[in-house]
Each structure stands twice: as C-alpha cells, then as structure tokens.
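Inspection log for the structure reproduced underneath, given as structure tokens.
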C-alpha cells in the first residue's frame, strides 16, 4: 500500500538496495519488524506502503536517504504540529505536583472538578483538541492540588477525576502523534486510579498506555500491556461485570491492531474474534471508561485492521454494515479516514474526497491533524493531480493545519 510512488518502481529500488547491503528478504524483514512475505510482496509491487513512517524505516534499514529510495516522497505535506499538541505536552511538564505539596491549603470545589473531568472527555470524544488543551491547562494543576489537600472519600473521588483527566490527555496526545507525552499521561492516570482504589479505572489507564506504545511502534510493549491487563481482569469479566467485559474487549482490539500493524494477519483476526466475543456478551454498544466498546466498535476496528493489512475489499464490505450514528464524532470520523484509505487502495479518488470531506465536517481538528489524512491526500493527488475536489480539499486542510 504505497502512498509514495509507483509500487513496482519502489519495489525494484528496495530490492536493489537490499541486494547492495547483502540482505535476504527475511533479514530485511527482521530489521524492519515485517515478515519475509511482506518484503517479497512489496518488492514485486503486489503490496503498497501507505505510511511515511514505514517507508522511513525501510530507508533507514537500507542505509540510504528517503529521497533516494522514494523521490516522490516530497509530495507528502509535512503535518504542522498542532497548537493543542504543544499546549498539552507543556501542561504535563509543569511541576504541579510539587507546587501542590508546598502550597497553602485552600478550599476545594469537588463537584466542579468532577464535572470538569467529564467535560474533558466530552472535548476528547468531540475531537475538540484546543478546547481540551485550554481546559486541562488549569484543571490538571487544580486536581494535583486538590488530591494532596484532601483525604478519605473526598480524595478518592478527586483521584478518580484526575485519572479521567490524564486519560483524556493521553487519548488526544496519542492521536496527535505525541507518543512520549501520551505515555506520561497514561502512566499518571494509572497512578491516580490506584490512589482511588479503582482497579477498572487502572485497567482503562493501561488501555491508554497500550495505545501510546502503539503510536511509538513499540508493539511488543503494547501487547504485553494489553495481555497482562486482560489476565488481571479475567475474574471480574467471568463474574459478569459488564465494565470488565467491555475493557477486556477494548484491550483485545488493541492486540488486534498491534498485530495488524506488525503484518501478523492471523493473530490480528484471532484477537478481533476475541473482542467480538466480548461484544456479544454485552449485546449493545457501551462507553465504559470512555472506550466506546461494543459491537459497532468491533466492526470499526475490523475495517481498520483490513486497511492496515491491505484488504480494501474487506474494509469496504465491513464498513457497509456499521451504523455509527450513536458513536462520538471522533469514532465516526476515524472510520471515514479508514474508508478514504481503503478507497485510495482501490484508486477511487471521488470516493476518497467524499469520505474525507464528510470526516472534515464531523471532526475538523482530528482530520486536519491526522497524518494518515495528509498521506492519503498526497497519494491520491499523485495519481490524479488534476482532481479538483482532492486539490481543493488538500488546500483547505493544509491551510488550516498551518
């Protein structure tokens, strides 16, 4: 799946430089964390690379410049770092905990802080990143102060709010590509949940941590985090706890995605089946711990996994079954981005433009700041540089991103 030039030409260049380095296809695959068959398919032009990060990894492994491997790569617009990414990262860097310990006691408005924590998730699910950044700039310091100046049941309640806030930050930072900051936020969320004495909230933090690991392409760590958390939840899920079942299903989805991104198709669909089994145990879509887990989310991940594995046909067939009307703007837009990628694999520029335009209407900040959107637009325009809708859409997204 390549957004970066003719597949066969790219494949020939990869094979040529691999040969110069004296590497077999299997050896190159091990270096870049891909299978030998994946390398073979790419070199034959039977498989395309649709992510810049993967192409950069291949170039590094072959010890050549990206421009030499893929001269067409310069058509991919650089994604401007969103203001929200900078603001949220800086918020996490502040010494709020130390300040809270050393500051004088002041009154704590428990109700307001708890409601603000729920509002943070409203912003995250709505893909309103700048609103979230503005809220957390003051809310995180307040919660750090409040949890250190209270005790007993009040402190536990505020610790729950703090865990939720850090989880919302981790979720958005992962989407914005700030994997290091997302990692920090998820770790703080787990600590806050432990202070609250809430094991399911801790599991939700581990779910966010697994996503952060995936963003950093640390797939083994993502899988370990998800697997150990699923194991820990086994008893609660077996007892019929629906939140535990939902969290277990959401973690299986992360295992499926991590496997797909590592080109492990059998594992990806096996984990997807486990997630579907969890969803059947719930029967309806839910939003336990802001995971939006349920039968519909399993379908959405089926689409994503198919796109990651290059099976556009399956992605489009599954997407046709999904009714996303009850899901958040973030989830609905994410499906449309995956649909655009699938249509691009089929070389259907009209459908690419239609999917991205609808996604932009639903969740503009998410679409303007998502690397996959910029890459799919660049690829579609390379194939059809005079496509008016795509060109206008690309100008609109790039102008708003800068």
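Bear in mind these aren't lab numbers, they're just calculated from the coordinates by the rules spelled out. Worth saying up front: this structure is predicted, and the values here are computed from it rather than measured. All Cβ positions, glycine included, derive from the backbone under ideal geometry; neighbour counts span all protein chains shown.
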Original post:
Which residue fluctuates the most in the chain, going by a Gaussian network model with Cα springs under 10 Å, if the choices are 231, 122, 285?
Top reply: 231
Original post:
Taking the Cα atoms only, what angle lies between the long axis of helix 152-175 and the longest principal axis of the chain, rounded to 10 degrees?
Top reply: 10 degrees
**OP:** Name the residue, out of 364, 295, 385, whose mean-square fluctuation peaks in a Gaussian network model built on the chain with Cα pairs under 10 Å.
**Re:** 385
Original post:
Angle between the Cα long axis of helix 110-125 and the longest principal axis of the chain, 0 to 90 degrees, nearest 10?
Top reply: 10 degrees
Original post:
Looking only at segment 112-129, which residues have a backbone nitrogen under 12 Å from a spot 7 Å from the Cα of residue 93 in the C-beta direction?
Top reply: none
Original post:
Quick one: what Rg and Dmax do you get for segment 219-371 from the alpha carbons, in Å?
Top reply: 15.5, 49
Original post:
Sorted from fewest to most neighbouring beta carbons within 10 Å, what does the list 13, 112 look like?
Top reply: 112, 13
Original post:
Based on the alpha carbon coordinates of segment 81-197, what radius of gyration and maximum Cα-Cα distance (Dmax) apply, in Å?
Top reply: 13.2, 41
Subject >> Cα-based helix-to-principal-axis angle, 129-148 vs the chain, degrees rounded to 10 >> reply: 40 degrees
**OP:** Can you tell me the FRET efficiency between residue 12 and residue 86 if r is taken as the Cβ-Cβ distance and R0 is 45 Å, rounded to the nearest 0.05?
**Re:** 0.65
Original post:
What ranking do 368, 157 get, fewest neighbouring Cβ atoms within 10 angstrom at the top?
Top reply: 157, 368
Subject >> Tensor-based shape of segment 7-75 (alpha-carbon gyration tensor, a/c under 1.5 rounded, otherwise prolate or oblate) >> reply: rounded
**OP:** Within 10 Å of each residue's Cβ, count the other Cβ atoms and sort 213, 293 from fewest upward.
**Re:** 213, 293
Subject >> Descending principal axes extents, the chain, alpha-carbon based, whole Å >> reply: 67, 46, 43
Original post:
Taking springs between alpha-carbon atoms closer than 10 angstrom, which of 253, 66, 299 fluctuates most in the Gaussian network model of the chain?
Top reply: 66
